[in-house]
1. In segment B:144-174, what residues are assigned to a strand (DSSP E or B) and either within 11 Å of another protein chain (Cβ to nearest Cβ) or at pLDDT below 95 (or both)?
2. Among the residues of segment A:186-204, is any more than 15 Å from A:Val20 (Cα to Cα), assigned to a loop (DSSP other than H, G, I, E, B), within 11 Å of chain B (Cβ to nearest Cβ) and over 18 Å from the mean Cα position of the chain (by Cα)?
3. Of the residues that sit in segment B:1-28 and are among the acidic types (Asp, Glu) and over 28 Å from B:Ala188 (Cβ atoms), which one is modelled with the highest pLDDT?
4. (1) farther than 29 Å from A:Arg225 by Cα; (2) of a type in the set (Lys, Arg); (3) free of Cβ contacts under 8 Å to residues at least 40 places away in the same chain: which one isn't true of A:Arg108, the others all being true?
5. Look through A:Leu104, A:Leu73 and report the one residue that is surrounded by 21 or more Cβ atoms within 10 Å (Cβ to Cβ), at the interface with another protein chain (Cβ under 9 Å from one of its Cβ atoms), in contact with an Asp or Glu (Cβ under 7 Å, 6 or more places away or on another chain) and over 22 Å from B:Gln135 (Cβ atoms).
6. Kindly indicate whether A:Ala188 is surrounded by 14 or more Cβ atoms within 10 Å (Cβ to Cβ) and either small (Gly, Ala, Ser) or modelled with pLDDT under 95 (or both).
7. What are the residue pairs meeting all of these: first residue in segment A:22-40, first residue without any contact (Cβ under 8 Å) to a residue 12 or more places away in the chain and within 11 Å of chain B (Cβ to nearest Cβ), second residue surrounded by 18 or more Cβ atoms within 10 Å (Cβ to Cβ) and not in a helix (DSSP H, G or I), Cβ atoms under 8 Å, and 6 or more apart or on different chains?
8. For segment A:172-185, give me each residue that is surrounded by 22 or more Cβ atoms within 10 Å (Cβ to Cβ) and not small (Gly, Ala, Ser).
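The values are calculated or read from the model by the stated rules, or taken from the named source; none is laboratory data. Keep in mind that what you see is a predicted model, and the values were worked out from it rather than measured. Note: ideal-geometry Cβ built from the backbone for every residue, glycine included; neighbour counts use all protein chains shown.
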Number of protein chains: 2
Amino acid sequence: MTDSSGYDNLRRLAAQRRSVRRFTSEPVAHELIEMILDIARLAPSAGNSQPWEFVVVEDAETRRRIARAATSLFREARKRDPSFNWSIAVQPYLLRAPVLIVVLGDRRMMAAYPSILRGNVLLRQSLANCIYGLQLAATSLGLSTAWGTLQGGRPEEEIRALLGVPDNFTIDHIVPVGYSDEQEMACAAALGPARERGPRRRPLDSVVHWGRYDVTKMRSDEAARDFIWAESVTRVVPDPDRTSGAAPPV
Amino acid sequence: MTDSSGYDNLRRLAAQRRSVRRFTSEPVAHELIEMILDIARLAPSAGNSQPWEFVVVEDAETRRRIARAATSLFREARKRDPSFNWSIAVQPYLLRAPVLIVVLGDRRMMAAYPSILRGNVLLRQSLANCIYGLQLAATSLGLSTAWGTLQGGRPEEEIRALLGVPDNFTIDHIVPVGYSDEQEMACAAALGPARERGPRRRPLDSVVHWGRYDVTKMRSDEAARDFIWAESVTRVVPDPDRTSGAAPPV
């Protein structure tokens, strides 16, 4: 019954998958993109509503315009949220990935969901499943990905117009796909915290409770805050020895 | 570079995974639960915030009380949403799975997310990734799962009190784990639509757009509605030959 090679392979893929923010210019064969999306569409979704569609963007000028639209949001956000580690933002680097997979969510599928639950959450959970499947599939083919998030507003409207996406679709997620620029990924000073912290996970024993919640494992509010500053990739105490994490102009 | 055995294995797992709503009473070894959660915790999360913790419930009385709490929501919902196919609801059957994994989401981790994005959505997307990883891992070990959703309210408060879960955690997801009762899964009349439709996916070509959105593939509003009634597992035209899909009392 137990197929440990299947488990071991899955665990290896899950551990290898990481967010890559620097890509080589090497193109990705269409056959590989299709293989990746063929797994993505197998994901579980609320009510098997399969709300996802995909726009695969390779044209450099289109990628540049998507990157510019997505980055405009983040330029504004940097002013409002200066303690965020903006050097990890995927958006300014979307141009450098040879392929962008823009993941659309068909809002009309929310009519399949029970009216007692918030459909917008079920829709995003379904899309998240699809994107994780996409990322694992890419990993299995030696490709790398990241996960860029939008949530409406002007950038979404610009991308909608650029790609001709009908109004019934959300445009919340852009997944760059390509081959990792290993040298940049290993050396870029601004990516240091992400490089170190990205693969780390809390120990299994600290997140598992048998029978009922074990309060001896409970993190205090202070410990939770410390975890964010020490372990997340988004809140980083500035290191004066590191070069600035400022995103490049697009 | 390309490891096709890794891809093939992942595709097989993604295609095999399905929602199982009837389990045998065979217990699940703790070692397998730990192996499953060890992959679940490798999932990507917003900012690597890892907001998940897990309560593993095996005690029959506790499972019965969780099932009763979760089902109370659905009893009320059935009145308000009679066209929903309530026979697929996971909640009344939670008692029958030997293991329930209650997935908690630490709301405090939302402080890691950029303030310009809705943290409650990023939190649920992160939890969804974790649960999909959990489900694929279970599949690789010959185990079956489903995905029960709560979104606050009285059932959540009852489960919170029962399991001693602190207020900073969401209790949105309950994943039953066990061995599929193949006979029940194959024969239960009420599960017919889910059995037939659950494995189906829209053809790859119909959901992929190259370069920009291809309007010739656009589903009309009527076609989208028809899809829900013909392909989702949640909206099903009643079949007078089938026995009622009424959920059993818990």
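1. Hits for segment B:144-174 are B:Thr145, B:Gly148, B:Thr149, B:Phe169, B:Thr170, B:Ile171, B:Asp172, B:His173.
2. Checking segment A:186-204: at least one residue is more than 15 Å from A:Val20 (Cα to Cα), assigned to a loop (DSSP other than H, G, I, E, B), within 11 Å of chain B (Cβ to nearest Cβ) and over 18 Å from the mean Cα position of the chain (by Cα).
3. Checked segment B:1-28; the qualifying residue modelled with the highest pLDDT is B:Asp8.
4. (3)
5. A:Leu104
6. Values: surrounded by 14 or more Cβ atoms within 10 Å (Cβ to Cβ): yes; either small (Gly, Ala, Ser) or modelled with pLDDT under 95 (or both): yes.
The answer is yes for A:Ala188.
7. Matching pairs, first to second residue: A:Glu34/B:Val208.
8. Listed by number, the residues that qualify are A:Asp172, A:His173, A:Ile174, A:Val175, A:Pro176, A:Val177.
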